[in-house]
Amino acid sequence: MDNITALGGDVYEIDTKMAGYSGITAGYLILSDRPCLVETGTSTSAPVVRDALASLGVGPDDLASVVVTHIHLDHAGGVGDIAKFFPSAQIVVHEKGARHLADPSRLMASARMVWGDKLDTLFGELSPTEAERIVALGDTGAVDLGNGRTLSSHYSPGHAKHHVGLVDSGTGDLYVGDAAGVYLPETGDLRPATPPPDFDLETALNSIALFKALGPQRLLFSHYGPVDAVQDTLERSAEELRIWVDLTRQAHAEGMDLDHAVAMVRDRTKERYAALEMEGEAAEHFELLSGAPSNVAGILHWLNRVNP
Ligand SMILES: [Zn+2]
(Lines give C-alpha, C1' and ligand atoms only; values in the text may rest on other atoms or scores of the structure.)
Protein backbone atom coordinates (compact mmCIF):
# COMPACT_ATOMS: atom_id res chain seq x y z
CA MET A 1 0.00 0.00 0.00
CA ASP A 2 1.28 3.45 -0.85
CA ASN A 3 0.65 4.82 2.65
CA ILE A 4 3.08 2.40 4.34
CA THR A 5 6.84 3.02 4.62
CA ALA A 6 9.25 0.47 6.12
CA LEU A 7 11.66 2.27 8.47
CA GLY A 8 13.83 -0.70 9.49
CA GLY A 9 13.81 -2.58 12.79
CA ASP A 10 10.35 -3.99 11.96
CA VAL A 11 8.91 -0.48 12.26
CA TYR A 12 6.40 0.75 9.67
CA GLU A 13 5.20 4.31 9.22
CA ILE A 14 1.53 4.49 8.26
CA ASP A 15 0.04 7.64 6.78
CA THR A 16 -3.28 7.79 8.64
CA LYS A 17 -4.61 10.38 6.17
CA MET A 18 -6.37 12.76 8.52
CA ALA A 19 -9.37 14.26 6.70
CA GLY A 20 -7.99 12.71 3.50
CA TYR A 21 -4.74 14.74 3.57
CA SER A 22 -1.49 12.89 2.85
CA GLY A 23 1.64 13.39 4.92
CA ILE A 24 0.28 15.17 7.96
CA THR A 25 -0.58 12.45 10.50
CA ALA A 26 1.62 9.37 11.00
CA GLY A 27 0.93 6.24 13.00
CA TYR A 28 3.60 3.58 13.49
CA LEU A 29 3.38 -0.19 13.66
CA ILE A 30 6.09 -2.01 15.59
CA LEU A 31 5.82 -5.47 14.08
CA SER A 32 7.48 -7.31 16.96
CA ASP A 33 6.35 -10.58 18.58
CA ARG A 34 3.63 -8.58 20.29
CA PRO A 35 2.69 -6.04 17.59
CA CYS A 36 2.08 -2.52 18.81
CA LEU A 37 0.46 0.47 17.12
CA VAL A 38 1.69 3.92 18.19
CA GLU A 39 -0.96 6.63 17.44
CA THR A 40 -4.28 5.71 15.84
CA GLY A 41 -4.90 8.97 14.02
CA THR A 42 -8.43 10.32 13.92
CA SER A 43 -11.67 8.36 14.03
CA THR A 44 -12.07 8.79 10.28
CA SER A 45 -8.54 7.36 9.89
CA ALA A 46 -9.41 4.10 11.63
CA PRO A 47 -10.40 2.13 8.48
CA VAL A 48 -7.20 3.35 6.77
CA VAL A 49 -5.14 2.07 9.72
CA ARG A 50 -7.02 -1.25 9.89
CA ASP A 51 -6.39 -1.88 6.17
CA ALA A 52 -2.71 -0.94 6.51
CA LEU A 53 -2.28 -3.37 9.41
CA ALA A 54 -4.10 -6.11 7.47
CA SER A 55 -1.72 -5.65 4.53
CA LEU A 56 1.20 -6.06 6.97
CA GLY A 57 -0.32 -9.34 8.18
CA VAL A 58 -1.82 -8.02 11.42
CA GLY A 59 -5.38 -9.35 11.64
CA PRO A 60 -8.11 -8.58 14.19
CA ASP A 61 -6.66 -10.80 16.94
CA ASP A 62 -2.96 -10.12 16.26
CA LEU A 63 -2.51 -6.61 17.64
CA ALA A 64 -1.28 -6.74 21.26
CA SER A 65 -1.27 -3.05 22.10
CA VAL A 66 -2.19 0.42 21.00
CA VAL A 67 -0.32 3.35 22.57
CA VAL A 68 -1.10 7.04 22.12
CA THR A 69 1.38 9.79 22.99
CA HIS A 70 -1.54 11.99 24.12
CA ILE A 71 -5.28 12.19 23.67
CA HIS A 72 -5.63 15.04 21.15
CA LEU A 73 -7.95 13.85 18.40
CA ASP A 74 -5.33 13.79 15.63
CA HIS A 75 -3.45 11.18 17.72
CA ALA A 76 -6.13 9.30 19.66
CA GLY A 77 -9.45 10.09 17.94
CA GLY A 78 -9.48 6.60 16.45
CA VAL A 79 -8.81 4.69 19.68
CA GLY A 80 -12.43 3.54 20.20
CA ASP A 81 -12.75 2.34 16.59
CA ILE A 82 -9.34 0.63 16.57
CA ALA A 83 -10.19 -1.05 19.91
CA LYS A 84 -13.30 -2.52 18.24
CA PHE A 85 -11.36 -3.65 15.14
CA PHE A 86 -8.66 -5.30 17.29
CA PRO A 87 -10.46 -6.82 20.30
CA SER A 88 -7.31 -8.39 21.81
CA ALA A 89 -5.35 -5.16 22.03
CA GLN A 90 -4.74 -3.31 25.28
CA ILE A 91 -5.00 0.47 25.04
CA VAL A 92 -2.12 2.34 26.68
CA VAL A 93 -2.26 6.04 27.61
CA HIS A 94 -1.00 8.39 30.31
CA GLU A 95 -3.12 8.30 33.47
CA LYS A 96 -4.25 11.90 32.91
CA GLY A 97 -5.82 10.85 29.60
CA ALA A 98 -7.23 7.45 30.56
CA ARG A 99 -10.69 8.50 31.73
CA HIS A 100 -11.27 10.55 28.57
CA LEU A 101 -10.76 7.46 26.42
CA ALA A 102 -13.28 5.55 28.57
CA ASP A 103 -15.75 8.45 28.50
CA PRO A 104 -14.95 10.93 25.71
CA SER A 105 -18.00 13.17 26.28
CA ARG A 106 -16.15 16.06 27.93
CA LEU A 107 -13.21 15.86 25.53
CA MET A 108 -15.57 15.91 22.53
CA ALA A 109 -17.59 18.79 23.95
CA SER A 110 -14.50 20.96 24.37
CA ALA A 111 -13.15 19.94 20.94
CA ARG A 112 -16.49 20.99 19.42
CA MET A 113 -16.18 24.38 21.10
CA VAL A 114 -12.73 24.88 19.58
CA TRP A 115 -13.41 23.49 16.10
CA GLY A 116 -17.16 23.98 15.56
CA ASP A 117 -18.45 22.50 12.31
CA LYS A 118 -14.94 21.62 11.17
CA LEU A 119 -14.77 18.93 13.87
CA ASP A 120 -16.68 16.34 11.84
CA THR A 121 -14.64 16.70 8.66
CA LEU A 122 -11.25 17.04 10.38
CA PHE A 123 -11.53 14.50 13.20
CA GLY A 124 -14.85 12.69 13.50
CA GLU A 125 -16.06 11.36 16.83
CA LEU A 126 -13.89 9.59 19.43
CA SER A 127 -15.91 6.59 20.62
CA PRO A 128 -15.50 5.13 24.11
CA THR A 129 -13.24 2.20 25.03
CA GLU A 130 -14.11 -0.27 27.81
CA ALA A 131 -12.26 0.87 30.92
CA GLU A 132 -10.92 -2.63 31.62
CA ARG A 133 -8.93 -2.57 28.36
CA ILE A 134 -7.16 0.69 29.23
CA VAL A 135 -3.69 0.59 30.81
CA ALA A 136 -2.78 3.90 32.48
CA LEU A 137 0.86 5.04 32.55
CA GLY A 138 2.48 7.00 35.38
CA ASP A 139 5.68 9.05 35.10
CA THR A 140 7.30 6.03 33.48
CA GLY A 141 5.93 2.75 32.22
CA ALA A 142 6.60 -0.07 29.79
CA VAL A 143 4.76 -1.87 27.02
CA ASP A 144 5.85 -5.45 26.33
CA LEU A 145 6.72 -5.82 22.64
CA GLY A 146 7.62 -9.51 23.12
CA ASN A 147 10.89 -11.40 22.99
CA GLY A 148 12.59 -9.07 25.48
CA ARG A 149 11.81 -5.91 23.50
CA THR A 150 10.01 -3.10 25.32
CA LEU A 151 8.56 0.30 24.62
CA SER A 152 9.25 2.47 27.65
CA SER A 153 7.17 5.56 28.32
CA HIS A 154 8.38 8.87 29.73
CA TYR A 155 5.95 11.52 30.93
CA SER A 156 6.57 14.64 28.83
CA PRO A 157 4.02 17.40 29.49
CA GLY A 158 4.20 20.95 28.11
CA HIS A 159 2.28 20.51 24.85
CA ALA A 160 -0.41 18.61 26.75
CA LYS A 161 -0.65 17.50 30.36
CA HIS A 162 -1.30 13.89 29.29
CA HIS A 163 1.69 13.52 26.93
CA VAL A 164 4.30 10.74 26.93
CA GLY A 165 7.35 10.03 24.80
CA LEU A 166 8.13 6.37 24.04
CA VAL A 167 11.49 4.63 23.51
CA ASP A 168 11.75 1.32 21.65
CA SER A 169 14.52 -0.82 23.20
CA GLY A 170 14.88 -2.68 19.90
CA THR A 171 15.72 0.33 17.74
CA GLY A 172 16.40 3.30 20.05
CA ASP A 173 13.56 5.13 18.32
CA LEU A 174 11.87 7.88 20.34
CA TYR A 175 8.23 8.56 19.52
CA VAL A 176 8.03 12.28 20.27
CA GLY A 177 4.31 12.91 19.70
CA ASP A 178 3.95 16.70 19.59
CA ALA A 179 6.35 17.47 22.47
CA ALA A 180 9.17 18.48 20.09
CA GLY A 181 6.89 20.39 17.71
CA VAL A 182 5.80 19.70 14.15
CA TYR A 183 8.39 18.63 11.56
CA LEU A 184 7.88 19.07 7.84
CA PRO A 185 9.90 16.51 5.86
CA GLU A 186 9.39 18.37 2.56
CA THR A 187 11.44 21.33 3.82
CA GLY A 188 13.08 20.24 7.09
CA ASP A 189 11.16 22.99 8.89
CA LEU A 190 10.33 22.56 12.55
CA ARG A 191 7.69 24.65 14.29
CA PRO A 192 6.45 24.55 17.88
CA ALA A 193 3.02 23.21 18.82
CA THR A 194 1.78 25.27 21.78
CA PRO A 195 -2.03 25.04 21.84
CA PRO A 196 -4.30 26.00 24.71
CA PRO A 197 -5.06 25.06 27.42
CA ASP A 198 -2.05 23.09 28.68
CA PHE A 199 0.98 24.77 27.10
CA ASP A 200 3.65 25.69 29.65
CA LEU A 201 7.12 26.84 28.58
CA GLU A 202 9.25 25.48 31.43
CA THR A 203 7.46 22.15 31.38
CA ALA A 204 7.82 21.89 27.61
CA LEU A 205 11.55 22.71 27.77
CA ASN A 206 12.04 20.16 30.55
CA SER A 207 10.41 17.50 28.37
CA ILE A 208 12.75 18.33 25.47
CA ALA A 209 15.71 18.12 27.87
CA LEU A 210 14.43 14.73 29.05
CA PHE A 211 14.23 13.53 25.43
CA LYS A 212 17.85 14.60 24.88
CA ALA A 213 18.94 12.79 28.02
CA LEU A 214 17.28 9.57 26.86
CA GLY A 215 19.85 9.49 24.04
CA PRO A 216 17.58 8.18 21.29
CA GLN A 217 18.92 6.97 17.94
CA ARG A 218 16.13 8.50 15.90
CA LEU A 219 13.06 10.68 16.41
CA LEU A 220 9.69 9.61 15.03
CA PHE A 221 7.37 12.58 14.68
CA SER A 222 3.61 12.09 14.58
CA HIS A 223 3.73 15.13 12.24
CA TYR A 224 5.66 13.86 10.32
CA GLY A 225 8.11 11.01 9.98
CA PRO A 226 11.62 9.95 11.05
CA VAL A 227 14.53 12.30 11.79
CA ASP A 228 18.09 11.05 12.37
CA ALA A 229 19.71 14.32 13.52
CA VAL A 230 18.45 13.84 17.06
CA GLN A 231 20.37 16.37 19.16
CA ASP A 232 20.29 19.20 16.58
CA THR A 233 16.59 18.72 16.06
CA LEU A 234 15.78 18.76 19.77
CA GLU A 235 17.88 21.91 20.18
CA ARG A 236 15.91 23.50 17.36
CA SER A 237 12.68 22.48 19.13
CA ALA A 238 13.72 24.35 22.26
CA GLU A 239 14.89 27.39 20.26
CA GLU A 240 11.60 27.56 18.36
CA LEU A 241 9.65 27.51 21.62
CA ARG A 242 11.71 30.36 23.05
CA ILE A 243 11.32 32.51 19.92
CA TRP A 244 7.54 32.10 19.75
CA VAL A 245 7.19 32.75 23.47
CA ASP A 246 9.45 35.85 23.36
CA LEU A 247 7.47 37.37 20.48
CA THR A 248 4.10 36.54 22.01
CA ARG A 249 5.29 38.00 25.32
CA GLN A 250 6.17 41.24 23.51
CA ALA A 251 2.74 41.36 21.88
CA HIS A 252 1.15 40.69 25.26
CA ALA A 253 3.18 43.45 26.92
CA GLU A 254 2.10 45.88 24.19
CA GLY A 255 -1.52 45.01 24.93
CA MET A 256 -2.27 43.50 21.49
CA ASP A 257 -5.40 41.42 21.07
CA LEU A 258 -5.15 37.88 19.73
CA ASP A 259 -5.56 38.79 16.05
CA HIS A 260 -2.84 41.44 16.16
CA ALA A 261 -0.54 39.18 18.19
CA VAL A 262 -0.99 36.36 15.66
CA ALA A 263 -0.26 38.69 12.74
CA MET A 264 2.86 40.05 14.44
CA VAL A 265 4.25 36.63 15.42
CA ARG A 266 3.46 35.17 12.01
CA ASP A 267 5.24 38.03 10.29
CA ARG A 268 8.30 37.99 12.57
CA THR A 269 8.79 34.21 12.30
CA LYS A 270 7.96 33.62 8.65
CA GLU A 271 11.50 33.77 7.29
CA ARG A 272 12.37 30.84 9.57
CA TYR A 273 10.18 28.45 7.58
CA ALA A 274 10.85 27.54 3.98
CA ALA A 275 7.37 26.00 3.79
CA LEU A 276 5.73 29.40 4.07
CA GLU A 277 7.61 30.56 0.98
CA MET A 278 6.17 27.66 -0.97
CA GLU A 279 2.71 27.72 -2.41
CA GLY A 280 0.37 24.92 -1.57
CA GLU A 281 0.25 21.96 0.70
CA ALA A 282 3.25 22.31 3.00
CA ALA A 283 2.21 25.70 4.36
CA GLU A 284 -1.34 24.43 4.67
CA HIS A 285 -0.11 21.50 6.76
CA PHE A 286 1.65 23.83 9.17
CA GLU A 287 -1.49 25.88 9.60
CA LEU A 288 -3.63 22.82 10.28
CA LEU A 289 -1.41 21.22 12.90
CA SER A 290 0.49 24.06 14.54
CA GLY A 291 -1.31 27.10 13.23
CA ALA A 292 -0.14 30.51 14.39
CA PRO A 293 -3.58 31.32 15.90
CA SER A 294 -3.53 28.15 18.01
CA ASN A 295 0.14 28.55 19.01
CA VAL A 296 -0.20 32.21 19.98
CA ALA A 297 -3.50 31.58 21.81
CA GLY A 298 -1.83 28.78 23.79
CA ILE A 299 1.13 30.97 24.75
CA LEU A 300 -1.16 33.89 25.73
CA HIS A 301 -3.28 31.52 27.80
CA TRP A 302 -0.14 30.40 29.65
CA LEU A 303 1.14 34.00 30.10
CA ASN A 304 -2.20 35.02 31.62
CA ARG A 305 -2.08 32.02 33.93
CA VAL A 306 1.44 32.64 35.25
CA ASN A 307 1.08 36.46 35.20
CA PRO A 308 -2.58 37.30 35.66
ZN1 LIG B 1 -0.81 16.52 16.93
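Observations, loosely collected:
- The range 197-252 - residue that is among the polar types (S, T, N, Q) and within 16 Å of the ligand (Cβ to nearest atom) and, of those, nearest to ALA26 (Cα to Cα): SER222
- Counted residues, the range 147-180 - those being open to solvent by 20 Å² or more (accessible area, probe 1.4 Å) and on the phi > 0 side of the Ramachandran plot: 2
- Unique match (being more than 16 Å from the ligand (Cβ to nearest atom) and within 15 Å of the chain's Cα centre (by Cα)) among VAL58, VAL79, VAL66: VAL66
- Index of the failed condition, ASP189 passing every other in (1) charged (D, E, K, R); (2) away from the ligand (no atom under 16 Å from the Cβ); (3) surrounded by 19 or more Cβ atoms within 10 Å (Cβ to Cβ): (2)
- When ALA275 is tested against (1) within 24 Å of the chain's Cα centre (by Cα); (2) over 23 Å from GLY158 (Cα atoms); (3) without any contact (Cβ under 8 Å) to a residue 60 or more places away in the chain, exactly one condition is not met: (3).
- Pairs with Cβ under 9 Å, 6+ apart, first in the range 283-304 and closer than 18 Å to LYS17 by Cα and in contact (Cβ under 8 Å) with a residue 12 or more places away in the chain, second within 15 Å of the ligand (Cβ to nearest atom) and part of a helix (DSSP H, G or I): LEU288/MET18; LEU288/ALA19; LEU288/ASP74; LEU288/LEU122; LEU289/MET18; LEU289/ASP74
- Count of residues meeting criterion [over 30 Å from PRO35 (Cβ atoms) and either in contact with a helix residue (DSSP H, G or I) (Cβ under 6 Å, 6 or more places away or on another chain) or of a type in the set (D, E, K, R) (or both)] in the range 159-189: 2
The values are calculated or read from the model by the stated rules, or taken from the named source; none is laboratory data. Remember, predicted model here, so these are calculated numbers, not experimental data. Cβ sites come from the backbone with ideal geometry, for glycine too, and all protein chains shown count toward neighbours. With ligands, DNA and RNA removed, areas are computed over all heavy atoms of the protein, side chains included. Shrake-Rupley method; radii C 1.70, N 1.55, O 1.52, S 1.80 Å.
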